[in-house]
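The block underneath contains the structure these notes are about, expressed in structure tokens.
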Amino acid sequence: MIGSGIFIVSGDIARQVGSAGWLIAVWLLSGFITLAAAVSYGELSGMFPKAGGQYVYLREAFGKLYGFLYGWSFFAVIQTGTIAAVGVGFAKFTGYLIPALGDGNILFGDKNGFNISAAQLLGIGIIFLLTFLNTLGIKNGKWIQFFFTFAKLAAMGALILFGFLWFKDHSIWHYNWTDAWMARTITIKPDLITHESLIGLAIVGPLCAAMVGALFSSDAWNNVTFIAGEIKRPERNIGLSLLIGTVIVTVIYVSMNLMYLNVMSIPEIAGAPQDRIALAAALKIFGSTGTIFIALMIMVSTFGCNNGLILSGSRVYYTMANDGLFFPSAAKLNKKGVPGSALWMQFIWASVLCLSGKYGDLLDFIIFTVLLFYILTIAGIFKLRMTHPDVPRPYKAFGYPVIPLLYILLASTICMVLLAYKPRYTWPGLIIVLIGIPIYYILERRSKKTNE
């Protein structure tokens, strides 16, 4: 779950809502929404402890079409887009240490505004390396994940601890919490910072837009369900992983943002260079020498995050291919017992998405589609309780039916607001989902002919 978002997106959140109280509220609300989904998924993971995760849950609840639409969107938008965004996030912090590799170094540009930066190419290179390592077997991926998880937790722990204990200028904290609930949008220009107050319902649009980054940072919690077939006692351990993981990450994220507010004013957070919030905070805490260490640790964090995404994503395509709903070669395991072809297909499309836009563009593109399928999957809990009441449920959705219904309501509201407030990337995501419908029927027809 912990990748690039927590080190970057608070800048955009601060520009959208413009106050300390609302900044923390966005992270708390995102954490609650994520936790509500995770404790609901525990029931599904116990019912269907097999590789494929959300794809399997939708297939069992609503039929093969819905499972395919998720798998199609997962490949076209959700997982590959997240891999691309985290790869570009890695390059953002590499660019701090080596400016020639950053997103400020434009290698190609045309009159229509399409640019290719060194950061995008570096992101592709990192995705290639991790894809290759994962083709060598799950044991390699497991140890990479363990090491890099430890390293990123150490980096955040150092920032949080020293941000409160070492940094002595308490005037910033008091400044931020004066009028902490005065919501406003902040516009940053080279020599000018402007504010526009948000009164009443005017905050709804900016609040939902602000939650894009926080929800993205909290996403990937469900990736553990994709590799259920390779986990010991999945009916028990997946549910525990979902619960414990989302609680820990929410606490860490809120603590990080409280640290940001302790060392930086809201305008400083909103105007941090290239949204590298964690580096701006580290600069104030440790000075320029300390920022080098933090930049390296953040690079480690994003590297490890992408390893987990790449490892788990290919298992969904493998399961789909075995159902006859993806490229047949994705159903084949290589000599190391991993779906090598699926890994390389994932790499190719993630690389295309790396070239398609900047970090923020990729987030808008991803999160709407992600929420759409989370809503549908949690609705599947209600359907399965009616259609499969006798299937063993080692876990039951916590707070059923209130918490699952509350999640569906909140996530649906965010989706509808984003369609109106950020149409440039949300509508294309919806269109890609709908394109999957004719593709499904073409594959179904081909599969029937083959079986005949």
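The values are calculated or read from the model by the stated rules, or taken from the named source; none is laboratory data. Note that this is a predicted model, so its numbers are computed, not measured. Here the Cβ positions follow ideal geometry from the backbone for every residue, glycine too, while neighbour counts run over all protein chains shown. Each accessible area value is taken on the protein alone, full model and side chains, heavy atoms only, with ligands, DNA and RNA left out. Shrake-Rupley method; radii C 1.70, N 1.55, O 1.52, S 1.80 Å.
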With a 1.4 Å probe and all protein chains left in place, how much accessible area per residue does the chain have, in Å²?
42 Å²
Net lengthening on full extension, residue 106/residue 390 (0.36 nm per residue, minus Cα-Cα)
96.4 nm
Which log10 I(q)/I(0) values, to two decimals, does segment 413-452 give at q = 0.22, 0.28, 0.29 Å⁻¹ under the Debye formula with one point per Cα?
-0.69, -0.86, -0.88
Apply the a/c threshold of 1.5 to the C-alpha gyration tensor of segment 1-121 and tell me whether it is rounded, prolate or oblate.
oblate
Over the chain, with every protein chain in place, what whole percent of the accessible area is carbon and sulfur at 1.4 Å, could you tell me?
69 percent
Would you please state which residues of segment 46-85 a label at residue 444 would reach in this model, taking the label point 7 Å out along Cα→Cβ and a backbone N cut-off of under 19 Å?
55-74
What FRET efficiency comes out for the pair residue 115/residue 402, r = Cβ-Cβ distance, R0 = 41 Å, nearest 0.05?
0.30
State the answer as a single residue: which of 317, 387, 349 lies farthest towards the positive end of the charge dipole of segment 314-452, with beta carbon charges of +1 for Lys and Arg and -1 for Asp and Glu, about the Cα centre.
317
Which Cα, out of 8, 85, 198, lies furthest along the positive dipole direction of the chain (beta carbon charges, K/R +1, D/E -1)?
85
Note the full-extension length gain between residue 420 and residue 136 as 0.36 nm times their separation in residues minus their Cα-Cα distance, in nm to one decimal.
97.8 nm
Convex hull over the Cα atoms of segment 307-452, averaged projected area in nm²?
12.2 nm²
What's the longest bit of the chain with no exposed chymotrypsin sites (Phe, Trp or Tyr not before Pro), using DSSP loop states and at most 15 other Cβ atoms within 10 Å as the test?
182-452
Accessible-area ranking of 259, 416, largest first, probe 1.4 Å:
416, 259
Multiplying the sequence separation of residue 233 and residue 427 by 0.36 nm and subtracting their Cα-Cα distance, what value in nm do you get?
65.8 nm
Output the relative contact order of the chain, whole-number percent, from Cα pairs under 8 angstrom with separation of 6+ residues.
34 percent
What pairs in 335/383; 64/336; 92/383; 92/168; 92/232; 332/449 have C-alpha atoms more than 32 Å from each other?
335/383; 92/383; 92/232
Ranked order, 60, 43 - accessible area, probe 1.4 Å, largest first:
60, 43
In whole Hz, the Karplus estimates of ³J(HN,Hα) for segment 245-262 (6.51, -1.76, 1.60; θ = phi - 60°; x where Gly or Pro) are x, 5, 5, 4, 5, 4, 4, 4, 5, 5, 4, 4, 6, 5, 5, 4, 5, 7
Size of the chain as Cα extents on the principal axes (Å, biggest first)
73, 47, 45
Tell me the mean residue ellipticity at 222 nm calculated for the chain from its helices only (DSSP H runs of n ≥ 4, each -39500 (n - 2.57), averaged over every residue, nearest 500).
-23500 deg cm²/dmol
Dipole in debye (nearest 20) - the chain, about Cα centre, beta carbon charges: Lys, Arg +1; Asp, Glu -1:
1220 debye
Please work out, to two decimal places, the log10 of the ratio I(q)/I(0) at q = 0.19 Å⁻¹ from a Debye calculation in which every Cα of segment 271-356 carries one identical scatterer.
-0.85
